[in-house]
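The values are calculated or read from the model by the stated rules, or taken from the named source; none is laboratory data. Since we're looking at a predicted model, the values are computed, not measured. Here the Cβ is made from the backbone with ideal geometry for all residues, glycine too, and neighbour counts use every protein chain on show. Protein only, heavy atoms only, side chains kept; ligands, DNA and RNA dropped before computing areas. Shrake-Rupley method; radii C 1.70, N 1.55, O 1.52, S 1.80 Å.
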Amino acid sequence: MVKKKFLVLCLFCLMDFPLLQAEDGSKLWLRTPSANQCEPLEMDVVCKGVDKNHPTMKIAMRELQEGGWSQRIEYKLVKRKSSKAKPPAVDEEYSIYTDADGKALLTSASTQGLLYATYDLLRHKACGEPVECINKVEKPTYALRVLNHWDNLNGTIERGYAGNSLWKWEEMPQTISPRYEQYARACASVGINASVLNNVNASPEMLATAYLQKVKILADIFRPYGVKVYLCVNFASPKELGKLPTADPMDEKVIAWWQDKAKEIYQLVPDFGGFLVKANSEGKPGPCDYGRTHVDGANMLADALRPYGGIVMWRSFVYKAASEDRAMQALLEFESLDGRFRDNVILQIKNGPVDFQPREPFNPLFGRMPHTQQMVEFQITQEYLGASNHLFYQAPLWKECLDANTYCRQSDSSVKPTVAGITAQRLHGLSAIAGVANIGDDINWCGHHFAQANWYAFGRLAWNEQLTSEEIAKEWLKQTFTDNTDFVKSASQLMLDTREALVNYMMPIGLHHIFAEVHHYGPAPWYTEKGMRADWSPLYYHRSDSLGIGFDRTVATGSGGTAQYASPLFDMWENRATCPDEYLLWFHRVGWNEKLHSGRTLWHELCHRYQTGLEQARGFQKRWDALQPYVDKERFEHVQHKLKIQTHDAQWWKDACLLYFQTFHHLPFPSDYERPVYDLEQLMNFHIGLSLHGCPTRQQLRL
Ligand code: BDP
């Protein structure tokens, strides 16, 4: 009897949770259907106004085939009335109409739009949604949806935590990795249409003819997927590569050098997108080396690209001497340049004023240069967010920035319309959004299976800013794992909870940049070295002493950073009493015993937040374990292993920060909080010994 019951139970389990095939994550969210669905299908496809043999249409049809689409489908290329959008925008808008039987009509003014419509239709199917009676029109929020690869020519990736660069420069043209096309396909499937191939800390060699010929290879592979190639350029290239005596943007020979280079590039890659430039930042060359301005530098490059429709994305990430508040410097340097950039220049601005921290207020430049096109730069790779060891779903962080109200305009004045070209359209119509890629040559592309969700979310959000973080998480989970309702509900909630958890266990209450050494993994609020720039040391940011902690950015007594924000934000953040707890130590120095909005003293609140973060991380482990029946063994164990590191790190952060801050005020731990498990001395003497490119292993994390 017992045996029988057991057998029935087993059968029941098998029905509910069929044995799952091991997966390595290499297929991302584009997993082909299981074998029995993979029989070649007779496809009923009609193309109106478009050639079936167009390379993009061939891809669309292959996708339908592989995605198991069996209903009749009609593609229709229509003519749009003259669009005001200037290059580089393609008319990517599309519509999907399916009837009650699932027969589909896909319409667009471009083959690119038809491909996007195909991916959209297949997404419905892969998410287990009905494919009948769809009636929708889609157009992108941002015209340029750009991945920035911080890949070096030697194959390493700055802040890359998923192996080496995907681009195997040394192998090209003899060997062409199949992953180039897989990459373009993944990008296209979520609407990413631009790829900057190399590091912002650019080698002048990137523009050497031998490399440009290899760039052409990638551009040719990406083209049918609608992904345009861009390059980062080193401003000193005319000197370093061209052997000119100067790189002064006003020098005629320099100007001619860039014009010739542009011509050479466009001969190889006729639809080349343009340049991304990091100039006069962190020791990189730029126009200011010659007494010129950012405008002079950007416009000179823009003029060289203009005949071909290329653009310049000029970065605002600059900071000079540490005597000024680093968070204020970009605005100080750029605001007065408003209105002077060419119409094919767009200012690329990091989401926050410091550097991709777990939580920052939005960058005050947004909204402050009404006559300049602006775009936001997010960091998909997790430089300050636990690298590829921590499960951290970034969409909530990005949306917090895009939705932030700058109060700089009368009507909708959030960051989003500023960068989405709604204001820019009045100027020239360029709208763009960039994310620093988290992609490497690891078999699962991103190092952590869940980090794939950030690549996915970036693309989806860039296409449709209206999507919620939850909707995107659910879409991704259904395609990447399973559409089982219980799984999707629990796993999406887990993803959504990671943002606040990470802020809690790393840098709560507005603390920022208290990371270890140059690799930015793990805590080191004590870290400083003789002769180092003050603003590369955590001491500069937390300013802890026996009385209190925090960076005073008020006008009344501090750096005046609050004044870079419009009222009512200025008033709210300037005033200690009205400044919300999440930004408190960003804008204020606060006494250890002062009360916060929570009713706890600052010290108590810090203990509370770190403890909460640690408990959340432990909770993630348990919540993931409960999802084991839905996930194949390989991916389940991989994530389980990473979550263990994440919990370890949360403990490490808690002990390091609390024990260190305690040395200033000597207050006891509140009675009901867990005591540290590490000694401060042990933590202060612990060095992982990582480079810019490394993600620590469990072995390295042995404290
Ligand atoms: C910082 C990184 C550094 C980048 C720099 C940048 O630590 O590796 O080169 O930003 O964005 O976040 O230029």
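Kindly establish whether VAL190 is of a type outside the set (Ser, Thr, Tyr), under 23 Å from the mean Cα position of the chain (by Cα) and under 19 Å from ILE346 (Cβ atoms).
So VAL190 does not fit the description; no.
Among the numbered criteria (1) open to solvent by 40 Å² or more (accessible area, probe 1.4 Å); (2) of a type outside the set (Gly, Ala, Ser); (3) farther than 23 Å from LEU147 by Cβ; (4) part of a helix (DSSP H, G or I), which one does ILE509 miss?
In the conditions (1) open to solvent by 40 Å² or more (accessible area, probe 1.4 Å); (2) of a type outside the set (Gly, Ala, Ser); (3) farther than 23 Å from LEU147 by Cβ; (4) part of a helix (DSSP H, G or I), ILE509 misses (1) alone.
Please go through region 389-409 and pick out each residue that is part of a loop (DSSP other than H, G, I, E, B) and of a type in the set (Gly, Ala, Ser).
At the first step, the residues of region 389-409 found to be part of a loop (DSSP other than H, G, I, E, B) are 390-394, 404, 406-409.
Scanning region 389-409 gives a single hit, ALA404.
Among the residues of region 515-533 satisfying the criterion of being away from the ligand (no atom under 13 Å from the Cβ) and farther than 13 Å from MET684 by Cβ, which is most open to solvent (accessible area, probe 1.4 Å)?
Going through the qualifying residues, I end up with LYS530.
Would you mind finding the one in CYS232, CYS187 that is at pLDDT 95 or above and within 28 Å of ALA304 (Cα to Cα)?
CYS232
Tell me the strands (runs of 3 or more DSSP E) entirely within region 270-350 that contain at least 1 residues that are more than 20 Å from ARG368 (Cβ to Cβ), in contact (Cβ under 8 Å) with a residue 24 or more places away in the chain and not aliphatic (A, V, I, L, M).
274-277
Right, ASP571: in a helix (DSSP H, G or I) and under 25 Å from ALA327 (Cβ atoms) or not? Don't jump to the end; show me each part of the working.
Details: in a helix (DSSP H, G or I): yes; under 25 Å from ALA327 (Cβ atoms): yes.
The answer is yes for ASP571.
Among (1) free of Cβ contacts under 8 Å to residues at least 12 places away in the same chain; (2) farther than 26 Å from LEU144 by Cβ; (3) outside any loop (DSSP other than H, G, I, E, B), which single condition is LYS253 missing?
So LYS253 meets the others, but not (1).
What are the pairs with Cβ atoms under 8 angstrom where one residue, in region 41-60, is more than 16 Å from ALA104 (Cβ to Cβ) and the other, located anywhere, is open to solvent by 70 Å² or more (accessible area, probe 1.4 Å) and part of a loop (DSSP other than H, G, I, E, B)? Sequence gap at least six, or different chains.
So the pair list comes out as LYS58/LYS52.
Looking at ARG553, ARG589, ARG576, which one is in contact with a Phe, Trp or Tyr (Cβ under 8 Å, 6 or more places away or on another chain) and open to solvent by 50 Å² or more (accessible area, probe 1.4 Å)?
ARG589
Restricting to region 587-624, count the residues that are hydroxyl-bearing (Ser, Thr, Tyr) and touching a residue at least 60 places away in the same chain (Cβ under 8 Å).
Adding up the residues that qualify gives 2.
Would you be able to tell me the number of residues in region 23-37 that are under 18 Å from CYS127 (Cα atoms), open to solvent by less than 40 Å² (accessible area, probe 1.4 Å) and either of a type in the set (S, T, N, Q) or at pLDDT below 95 (or both)?
Total meeting the criteria: 1.
The rows are residues; the columns are (1) within 16 Å of the ligand (Cβ to nearest atom); (2) in contact with an Asp or Glu (Cβ under 6 Å, 6 or more places away or on another chain); (3) modelled with pLDDT of 95 or more.
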site	(1), (2), (3)
GLY283	yes, no, no
ARG292	no, no, yes
LEU301	no, no, yes
LEU305	no, no, yes
TYR308	no, no, yes
MET313	yes, no, yes
PHE317	yes, no, yes
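I need the full set of residues from region 252-303 which are closer than 30 Å to PRO224 by Cα, under 26 Å from the mean Cα position of the chain (by Cα) and charged (D, E, K, R), in order please.
The answer is ASP271, LYS278.
For the subset of region 335-358 comprising residues that are charged (D, E, K, R) and in contact with a Phe, Trp or Tyr (Cβ under 8 Å, 6 or more places away or on another chain), which member is nearest to the ligand (Cβ to nearest atom)?
The residue in question is ASP355.
Could you tell me which numbered condition TRP150 fails, if it satisfies all but one of (1) out of contact with any helix residue (DSSP H, G or I) (no Cβ under 9 Å at 6 or more places or on another chain); (2) free of Cβ contacts under 8 Å to residues at least 40 places away in the same chain?
Checking TRP150 against (1) out of contact with any helix residue (DSSP H, G or I) (no Cβ under 9 Å at 6 or more places or on another chain); (2) free of Cβ contacts under 8 Å to residues at least 40 places away in the same chain, the one that fails is (2).
Of all residues being among the hydroxyl-bearing types (Ser, Thr, Tyr) and more than 20 Å from GLN357 (Cβ to Cβ) in region 287-343, which is least open to solvent (accessible area, probe 1.4 Å)? Just the residue, please.
THR293
How many residues are out of contact with any Gly (no Cβ under 8 Å at 6 or more places or on another chain), touching a residue at least 12 places away in the same chain (Cβ under 8 Å) and surrounded by fewer than 22 Cβ atoms within 10 Å (Cβ to Cβ) when one looks only at region 558-569? First the steps, then the outcome.
Our first condition is that a residue be out of contact with any Gly (no Cβ under 8 Å at 6 or more places or on another chain); within region 558-569, this holds for 558-565, 567-569.
Subsequent filtering for residues that are touching a residue at least 12 places away in the same chain (Cβ under 8 Å) retains 558-562, 564-565, 567-569.
Within this subset, residues satisfying the condition of being surrounded by fewer than 22 Cβ atoms within 10 Å (Cβ to Cβ) are 558-560, 567-569.
Count: 6.
Which one is nearest to the ligand (Cβ to nearest atom), of the residues in region 372-381 that are open to solvent by less than 10 Å² (accessible area, probe 1.4 Å) and in a loop (DSSP other than H, G, I, E, B)?
The selected residue is THR381.
So MET369 clears everything in (1) within 12 Å of the ligand (Cβ to nearest atom); (2) surrounded by fewer than 24 Cβ atoms within 10 Å (Cβ to Cβ); (3) under 30 Å from ASP303 (Cβ atoms) except one condition, right? Which one?
Just one mismatch for MET369, condition (1).
Name the single residue that is farthest from the ligand (Cβ to nearest atom) among those in region 193-206 being in contact with an Asp or Glu (Cβ under 7 Å, 6 or more places away or on another chain) and open to solvent by 10 Å² or more (accessible area, probe 1.4 Å).
Restricting to residues being in contact with an Asp or Glu (Cβ under 7 Å, 6 or more places away or on another chain) and open to solvent by 10 Å² or more (accessible area, probe 1.4 Å), the top hit is PRO204.
Tally time: how many residues in region 167-192 are of a type in the set (A, V, I, L, M) and open to solvent by 10 Å² or more (accessible area, probe 1.4 Å)?
Looking only at that region, the number is 1.
Kindly provide the set of residues from region 534-550 that are part of a loop (DSSP other than H, G, I, E, B) and either exposed (fewer than 13 other Cβ atoms within 10 Å of the Cβ) or away from the ligand (no atom under 16 Å from the Cβ) (or both), ordered by number. Spell out the reasoning first.
Taking region 534-550 and keeping what is part of a loop (DSSP other than H, G, I, E, B), we get 537, 543-547, 550.
Of everything in region 534-550, those that are part of a loop (DSSP other than H, G, I, E, B) and either exposed (fewer than 13 other Cβ atoms within 10 Å of the Cβ) or away from the ligand (no atom under 16 Å from the Cβ) (or both) turn out to be ARG543, SER544, ASP545, SER546, LEU547, GLY550.
Filter the helices (runs of 4 or more DSSP H) completely within region 578-670 down to those with at least 2 residues that are at pLDDT below 95 and touching a Pro at 6+ places or on another chain (Cβ under 6 Å).
Qualifying helices (runs of 4 or more DSSP H): none found.
What's the number of the condition PHE487 fails, among (1) under 30 Å from ARG533 (Cβ atoms); (2) in contact with a helix residue (DSSP H, G or I) (Cβ under 6 Å, 6 or more places away or on another chain)?
(1)
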